[in-house]
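Notes for the one structure printed next.
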Amino acid sequence: MMHLSKLTDHQKILILSFVVGVLSGCAAVFLDWAIHQIKHLLNGDFWGTGIYEWQYLILPGIGMLISLLLLKTVVRDNIGHGVTKVLLAVSRNESKIKPHNIWSSVLTSSVTIGFGGSVGAEAPIVYTGAAIGSNLGRLFGLSYRNITILLGCGAAGAIAGTFKAPLAGVLFTMEILLFNVSMTSLLPLLLSTVSATVISYIFRGQNAVFACTVSPFMMPNIPYYIILGIICGFCSLYFTQTTLWLEDKIGKFNNAYMKWAVSALALGVLIFLFPPLYGEGYDSLLALLNGQELKVEGSTVLSFMMRSPWGVPCFFALIFFFKVFSMTLTNAGGGVGGTFGPTLFSGAIVGFVVARCINLLGLGVPEHNFVLVGMAALMAGVMQAPMTAIFLIAEISGGYALLIPLILTATVSYGTVRIFEKYSIYTKRIAQSGDLLTHDSDQAVLTLMKTADLIRDKYPRIRIEATLRDVVNAIHDSDAAVIAVVDEAGRFQGMIDIASVRKFILSTEQYDKVHVYNLMESTPEYIYYDEKMESVMKKFDKTGAWRLPVVNHDRKYLGFISKSRLLTAYREELREIAAED
């Protein structure tokens, strides 16, 4: 058998992508099993009859506290917002993810969701799969580009293993995670998702995750699907903006245990009033997909709303309204989970509410179809990934008969959101910090380039009070074109162009009379060592300078960046992104 070190990079990637897919599929299966085991342990029999509804007040908070303690004492790291963390790893950290993320997200999210936290397991398992790919790539000494491909394979495999949806896993990685996927990168992604799906089939069976029977698509319902798409677009805006707003509000609490106390209390009350908010909500989702009425009487003080025809859609509209709060409170209070599952749940609720209102007006539409299509529409809007939404919902439900309304509604929802919001719930904050990778190769290159990597400190430095004699000595020992001038604390003061000093070299009588401050010139701009490359490029364009000094935030001199060095690094990075094996 050929030793792995003798294989080409392309051969290594193909083998490792298969391994990553298998491991990601196993992780997805284990997380699903762990959540269900914890739920089974904490079912109604454990609490005794008559007080089952009181667990809604207590259990989610307990799960959040356990997760918080695990994070503080065992993991000692912030692992929330899994998909966003993966995006940041690609743009900021050369696709390197810490090894503990292989198990820490699974552990904490299983406790959070198993105890009733109102979040999804998909983002944590994506983080887990990405960590598997990243660390396996680093173990075999692969390049940044190939580690990134394996990271994407892990994330794609995680989605495929969770939903038994190989195509959706590939599309998720291409639309949301990776800024540029070539055709040669597509084969590893497919290998990973297929292997993860097979693992899921072995352990969880081959039935669709949300198996349901859909009614045939009817052309007269197209206007109603368009209306649903527009409504889901605005609901997506509400979902994204409310999540970020509430995160900022809760983030103002400095004490983690105070965040937990406030979040746990508010979450308990919400779930007590609206039991479908408990856990992932997939049981309620399945009921809606199969045209079943949800039975919530006796489990909530608001059950009286279910006795009125119009009260039912109003009750579920409130569930959608508060799902964003319950999800954000769970994560802010120390729980670990994602927005992926809540997006599916919320889309189903919106689809049901719209269809029920249409039917109450006497027009007649299949509610379970609208539930299914609503899931795709809200996902397309919140995640701004319409292709992923369309094919994921088709794969997890077997609803390919509704492909036309899925495409139509997801497209309308996505188009509606894009009028008002450029970024998805995953990329909004990253875009604000300037670390977002995009499918625009030029923008991706600028994001991947790091100012600190381009600094050259080959230039002599001289104190501002020095004399011409010191300058001549510095020139003698260096072939650099400029000399950096600093003060006694090392702060940059200016620079000396060696070409302009040559006229003084033969005037030896001036050596001790002329000082550096008589010779130096100021620079039109400074570059800070952690400055975004896009800003650096703008400074070079604005000033027309060939080189600019780099300083820290105390203005201490670190070196220069030249335009030639900048353009060379840009070309190398662009060639790396566009490289074909």
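Structural remarks
- Within the range 409-431, if we keep just the residues that are hydroxyl-bearing (Ser, Thr, Tyr) and touching a residue at least 60 places away in the same chain (Cβ under 8 Å), the residue that is farthest from VAL350 (Cα to Cα) turns out to be THR427.
- Number of the exception - ILE393 against (1) among the aliphatic types (A, V, I, L, M); (2) open to solvent by 10 Å² or more (accessible area, probe 1.4 Å); (3) farther than 19 Å from CYS314 by Cα: (2)
- For the range 134-155, filtering for residues that are free of Cβ contacts under 8 Å to residues at least 60 places away in the same chain and either part of a helix (DSSP H, G or I) or touching a Cys at 6+ places or on another chain (Cβ under 8 Å) (or both) leaves 7.
- Scope the range 69-108; condition surrounded by fewer than 21 Cβ atoms within 10 Å (Cβ to Cβ), touching a Phe, Trp or Tyr at 6+ places or on another chain (Cβ under 7 Å) and not in a helix (DSSP H, G or I); matching residues: GLU94
- The set of residues from the range 131-146 being within 13 Å of LEU23 (Cα to Cα) and within 19 Å of the chain's Cα centre (by Cα) comprises ALA131, ILE132, GLY133, SER134, ASN135.
- Listing of helices (runs of 4 or more DSSP H) fully contained in the range 253-355 that carry 1 or more residues being at pLDDT 90 or above, closer than 30 Å to SER397 by Cα and open to solvent by 10 Å² or more (accessible area, probe 1.4 Å): 256-273, 311-332
- Residue list for the range 465-480, filter: under 53 Å from the mean Cα position of the chain (by Cα) and surrounded by 15 or more Cβ atoms within 10 Å (Cβ to Cβ): ALA466, VAL471, ALA474, ILE475, ALA480
- Within the range 337-349, being of a type in the set (Val, Ile, Thr) and either farther than 11 Å from MET375 by Cβ or out of contact with any Leu (no Cβ under 6 Å at 6 or more places or on another chain) (or both) holds for THR339, ILE349.
- Within the range 491-530, the set of residues being open to solvent by 30 Å² or more (accessible area, probe 1.4 Å) and either within 17 Å of ALA569 (Cα to Cα) or charged (D, E, K, R) (or both) comprises ARG491, ASP497, ARG502, LYS503, GLU509, ASP512, LYS513, GLU521, GLU525, TYR529, ASP530.
- Residue check for LEU548: in contact with an Asp or Glu (Cβ under 7 Å, 6 or more places away or on another chain) and either open to solvent by less than 50 Å² (accessible area, probe 1.4 Å) or farther than 25 Å from HIS476 by Cβ (or both): yes
- Number of the exception - ASP541 against (1) part of a helix (DSSP H, G or I); (2) over 30 Å from THR148 (Cβ atoms); (3) at pLDDT 80 or above: (2)
- Yes/no for VAL371 being buried (at least 24 other Cβ atoms within 10 Å of the Cβ) and either under 20 Å from ALA165 (Cβ atoms) or not basic (Lys, Arg) (or both): yes
The values are calculated or read from the model by the stated rules, or taken from the named source; none is laboratory data. From a predicted model like this one, the values you see are computed outputs, not experimental measurements. Cβ sites come from the backbone with ideal geometry, for glycine too, and all protein chains shown count toward neighbours. These accessible areas exclude ligands, DNA and RNA; they are computed on the full protein's heavy atoms, side chains included. Shrake-Rupley method; radii C 1.70, N 1.55, O 1.52, S 1.80 Å.
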